[in-house]
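Let me begin by presenting the structure, written as structure tokens, before commenting on it.
The values are calculated or read from the model by the stated rules, or taken from the named source; none is laboratory data. Given the structure is predicted, the values throughout are model-derived calculations rather than measurements. In this analysis, Cβ positions are derived from the backbone assuming ideal geometry, glycine residues included, and neighbour counts consider all displayed protein chains.
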Ligand SMILES: Cc1cc2nc3c(=O)[nH]c(=O)nc-3n(C[C@H](O)[C@H](O)[C@H](O)COP(=O)(O)OP(=O)(O)OC[C@H]3O[C@@H](n4cnc5c(N)ncnc54)[C@H](O)[C@@H]3O)c2cc1C
Ligand SMILES: Nc1ncnc2c1ncn2[C@@H]1O[C@H](COP(=O)(O)O)[C@@H](O)[C@H]1O
């Protein structure tokens, strides 16, 4: 069984996007035990600076095509180039990151190949299916996160899926696959360029959940923008990052970059402290994989307590100041 | 003058799952959820109306769905849509994004000479964000996804802002083009009172008694439908048959009870909590 993974870089710093490493590793764990190989496909203005990293996560071969015009996401050009690579490889499985680029291009390719694609998968595994042999099982939340659906594409190939960043884990140990990169020949058609990119404004990302061991999050229960200072201070005192529920973002307590959940970031810290967050399914979708969850909430019935390991029922405006005082005494 | 098509879907209100919608076992009772206009499709419609108001032309709203979906078409009329179509057929049931985009693309071709197609970024029942691009591919239009602002409207181009996740892109596109629109792009207008008074009677032809049909026709109250035959579709590409993806299994999510340790709110309790947090943190590290 062969897998193809779309490789993406962050155009702002020219480095691989983490989701590409996560998907290479996932593809490797899916097909390697069956004797299959993983091919990466990339197009853009230039290869990501650290593309050799991919091989340490299980990549066997990287196909690429570069052209300086492809510094911008010209969807039609991306579609033609990546589709040609996929057709040449004839893989059973194709994975894309569920990034704003992946979600732009992958559906075009699935449509053109007339095959199935499952968006935002949270689990992928291979198993037998009736007389079809081994197929890919794609598990994803649906219905606002209230159900988990297992989707299959029994009769069409390739079986395509997208996965969000942070959902698949990176391995602790790296491989030493040899670096094999090949230029893929493309007969570039100028008609593929239809949009004119007038201006690019990098977003300054202030939040780094990937390297945070502790995340302190505030929700609607924080009550005001001023009170949100408590959340920031607790995060700072514990050396962690600041997270938020969508309600806190919607109320303007904090910027959207901090949002955790189905429509925010998916995080996996060692400790997650949820303050004034009820724990709705869409929020849990982004944080329930944390190793330890601590909930501070004045409602003992709040669903967050169903997934928490430690909890306090009370007013966060009283509890957090005590924690802060004690933490500064400790120093 | 522009011919604009907005793709809109009626979805269960997954955001407000309360009371009745929860079964005693903690799972969702889908049928108890109210049906709403998919939120980002309202942003798509708003953008379509804004462009029409500026350049002239017509806004069509089309939806593929059951008869009940006329509700969102009526809402579209209240907001200012010029024409609406319900694309409905029992053969369309259980369509995945590939089959849905096939039907919608064929409807757009049938409308003909469409300059601009607008879709919501994603529908909240599935969150797939695939139908927009898949329609663009099938009608062979340029696309811009994640449109978060409309900066300039002119007869031969639009300037839009795209949320490129790590960067914001300002993009100039000519027609024809398909855009998928996010909630940030605008604030959908309220239904217009005068239009509401006029169109609240709008319905499918079959729901008007014969003596009312003439009156309904004169007033544009009849919401036209398009079936598989009307669109001359290939049956094998519609509905379940035309859907490469199949739902293999559905599991409702129930809350799992963890082993929860509770702390009091006295200072000594909170100190113990902090100590346990620190201890755990050191341990798991
Ligand atoms: C399609 C979709 C996507 C979504 N995506 C996300 C997402 O990515 N992330 C997300 O978070 N949400 C998301 N949501 C929204 C989600 O459904 C909830 O509305 C949201 O998570 C609620 O945030 P909250 O817990 O902060 O607010 P609430 O549900 O209002 O809870 C506030 C909590 O604070 C407690 N409280 C109040 N005052 C105090 C106090 N003084 N001290 C202690 N506790 C107090 C209350 O008891 C309550 O439990 C999404 C919804 C939809 C429909
Ligand atoms: N059945 C449908 N009828 C009309 N438009 C649809 C339908 N399904 C999806 N769309 C459009 O495609 C967008 C993305 O849907 P989805 O791929 O389901 O997330 C929606 O916001 C709608 O604009």
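A compact table of results
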{"quantity": "Complete set of residues in the stretch B:102-135 that are in a loop (DSSP other than H, G, I, E, B), under 25 Å from residue B:50 (Cβ atoms) and in contact with a helix residue (DSSP H, G or I) (Cβ under 7 Å, 6 or more places away or on another chain)", "calculated": "B:114, B:121, B:122, B:124, B:129"}
{"quantity": "Residue ranges of helices (runs of 4 or more DSSP H) in the stretch A:225-331 with at least 1 members without any contact (Cβ under 8 Å) to a residue 12 or more places away in the chain and under 24 Å from the mean Cα position of the chain (by Cα)", "calculated": "A:246-250"}
{"quantity": "Residue in the stretch B:11-19 that is part of a strand (DSSP E or B), closer than 16 Å to residue B:127 by Cβ and modelled with pLDDT of 70 or more present", "calculated": "yes"}
{"quantity": "Output for the stretch A:254-283, where each listed residue is away from ligand 2 (no atom under 16 Å from the Cβ), at the interface with chain B (Cβ under 9 Å from one of its Cβ atoms) and over 24 Å from residue A:233 (Cβ atoms)", "calculated": "A:280, A:281"}
{"quantity": "Residue A:126 being more than 21 Å from residue B:146 (Cα to Cα) and in contact with a helix residue (DSSP H, G or I) (Cβ under 7 Å, 6 or more places away or on another chain)", "calculated": "yes"}
{"quantity": "Hits in the stretch A:128-146 (condition: more than 16 Å from ligand 2 (Cβ to nearest atom) and assigned to a strand (DSSP E or B))", "calculated": "A:128, A:134, A:135, A:136, A:137, A:139"}
{"quantity": "Residue that is farthest from the other protein chains (Cβ to nearest Cβ) [pool: residues in the stretch A:116-136 that are without any contact (Cβ under 8 Å) to a residue 60 or more places away in the chain and buried (at least 20 other Cβ atoms within 10 Å of the Cβ)]", "calculated": "A:121"}
{"quantity": "Filtered residues of the stretch B:172-212 (kept if over 22 Å from the mean Cα position of the chain (by Cα), farther than 21 Å from residue B:78 by Cα and surrounded by 13 or more Cβ atoms within 10 Å (Cβ to Cβ))", "calculated": "B:172, B:173, B:174, B:175, B:212"}
{"quantity": "Any pair with Cβ under 6 angstrom, 6 or more apart, that starts in the stretch B:134-158 at a residue that is more than 9 Å from every other protein chain (Cβ to nearest Cβ) and in contact (Cβ under 8 Å) with a residue 24 or more places away in the chain and ends at one that is part of a helix (DSSP H, G or I) and within 16 Å of ligand 1 (Cβ to nearest atom)", "calculated": "B:148/B:184"}
{"quantity": "Unique match (being within 16 Å of ligand 1 (Cβ to nearest atom), on the phi > 0 side of the Ramachandran plot and not assigned by TED's automatic domain parsing to the domain that holds residue A:48) among A:218, A:223", "calculated": "A:223"}
{"quantity": "Residue in the stretch A:228-236 that is away from ligand 1 (no atom under 12 Å from the Cβ), within 12 Å of chain B (Cβ to nearest Cβ) and in contact with a helix residue (DSSP H, G or I) (Cβ under 8 Å, 6 or more places away or on another chain) present", "calculated": "yes"}
{"quantity": "Checking residue A:54 against (1) within 11 Å of another protein chain (Cβ to nearest Cβ); (2) part of a helix (DSSP H, G or I); (3) in contact with a helix residue (DSSP H, G or I) (Cβ under 6 Å, 6 or more places away or on another chain), the condition it does not meet", "calculated": "(1)"}
{"quantity": "Tally of residues being touching a strand residue (DSSP E or B) at 6+ places or on another chain (Cβ under 9 Å) and surrounded by fewer than 24 Cβ atoms within 10 Å (Cβ to Cβ) across the stretch B:88-103", "calculated": "5"}
{"quantity": "Failed item, numbered, when residue B:130 is tested on (1) out of contact with any strand residue (DSSP E or B) (no Cβ under 6 Å at 6 or more places or on another chain); (2) more than 16 Å from ligand 2 (Cβ to nearest atom); (3) closer than 26 Å to residue A:257 by Cβ", "calculated": "(2)"}
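The rows are residues; the columns are (1) modelled with pLDDT under 95; (2) within 14 Å of another protein chain (Cβ to nearest Cβ).
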position	(1), (2)
A:159	no, yes
A:162	no, yes
A:168	yes, no
A:172	yes, no
A:178	no, no
A:185	no, no
A:188	no, no
A:199	no, yes
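Results for (1) within 14 Å of chain A (Cβ to nearest Cβ); (2) within 15 Å of residue B:12 (Cα to Cα); (3) away from ligand 2 (no atom under 11 Å from the Cβ); (4) not in a strand (DSSP E or B), shown as yes or no for each residue.
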| site | (1), (2), (3), (4) |
| --- | --- |
| B:43 | no, no, no, yes |
| B:59 | no, no, yes, no |
| B:71 | no, yes, yes, yes |
| B:76 | no, no, yes, yes |
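Each row is one residue, and each column tells you yes or no for (1) outside the structural domain of residue A:85 (by TED's automatic domain parsing); (2) on the phi < 0 side of the Ramachandran plot; (3) surrounded by 13 or more Cβ atoms within 10 Å (Cβ to Cβ).
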{"position": "A:161", "(1), (2), (3)": "no, yes, yes"}
{"position": "A:164", "(1), (2), (3)": "no, yes, yes"}
{"position": "A:167", "(1), (2), (3)": "no, yes, yes"}
{"position": "A:173", "(1), (2), (3)": "no, yes, no"}
{"position": "A:202", "(1), (2), (3)": "yes, yes, yes"}
{"position": "A:207", "(1), (2), (3)": "yes, yes, yes"}
{"position": "A:227", "(1), (2), (3)": "yes, yes, yes"}
{"position": "A:237", "(1), (2), (3)": "yes, yes, yes"}
{"position": "A:245", "(1), (2), (3)": "yes, yes, yes"}
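For every residue, the table says whether it meets (1) touching a helix residue (DSSP H, G or I) at 6+ places or on another chain (Cβ under 9 Å); (2) not in a loop (DSSP other than H, G, I, E, B).
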| residue | (1), (2) |
| --- | --- |
| B:161 | yes, yes |
| B:187 | yes, no |
| B:191 | yes, no |
| B:206 | yes, yes |
| B:213 | yes, yes |
| B:229 | no, no |
| B:241 | yes, no |
| B:244 | yes, no |
